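The values are calculated or read from the model by the stated rules, or taken from the named source; none is laboratory data. Remember, predicted model here, so these are calculated numbers, not experimental data. Using ideal geometry, Cβ is built from the backbone for each residue, glycine included, and neighbour counts are taken over all protein chains shown. Ligands, DNA and RNA are excluded from the accessible area calculation, which covers all protein heavy atoms including side chains. Shrake-Rupley method; radii C 1.70, N 1.55, O 1.52, S 1.80 Å.
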Amino acid sequence: MFDAMLEGWARQQRSRFLNFDATIKPRLSLLKRFVEFSDQYPWQWQAVEVEAFLDHLRARRPTFA
């Protein structure tokens, strides 16, 4: 179900003429990493999961922005 949701989201971005390699692909990659980190579906996400994920990224790369 999640993959179908991501495909729909990617299709919506392509319809806005966003570049796949420069914009859509990195966004999809980030979302997939977040799902793997949180082990939850997007409709279950809360601010605490986003904060933990960003903290995790910053711990790995202190210059992450």
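Among the residues making up the range 23-65, those that are under 24 Å from ARG11 (Cα atoms) and either basic (Lys, Arg) or touching a Cys at 6+ places or on another chain (Cβ under 7 Å) (or both) are LYS25, ARG27, LYS32, ARG33. Residue selection: LEU6 fails the criterion of being open to solvent by 70 Å² or more (accessible area, probe 1.4 Å) and assigned to a helix (DSSP H, G or I). Taking first residues from the range 26-52 that are in contact (Cβ under 8 Å) with a residue 60 or more places away in the chain and partners that are outside any helix (DSSP H, G or I), no Cβ contact under 9 Å between residues at least 6 apart in sequence or on separate chains turns up. Which of the residues spanning the range 29-57 are out of contact with any Phe, Trp or Tyr (no Cβ under 8 Å at 6 or more places or on another chain), part of a helix (DSSP H, G or I) and of a type in the set (S, T, N, Q)? Selection gives SER29, GLN44. Only a single criterion out of (1) modelled with pLDDT of 95 or more; (2) outside any helix (DSSP H, G or I) is not satisfied by PRO26, namely (2).
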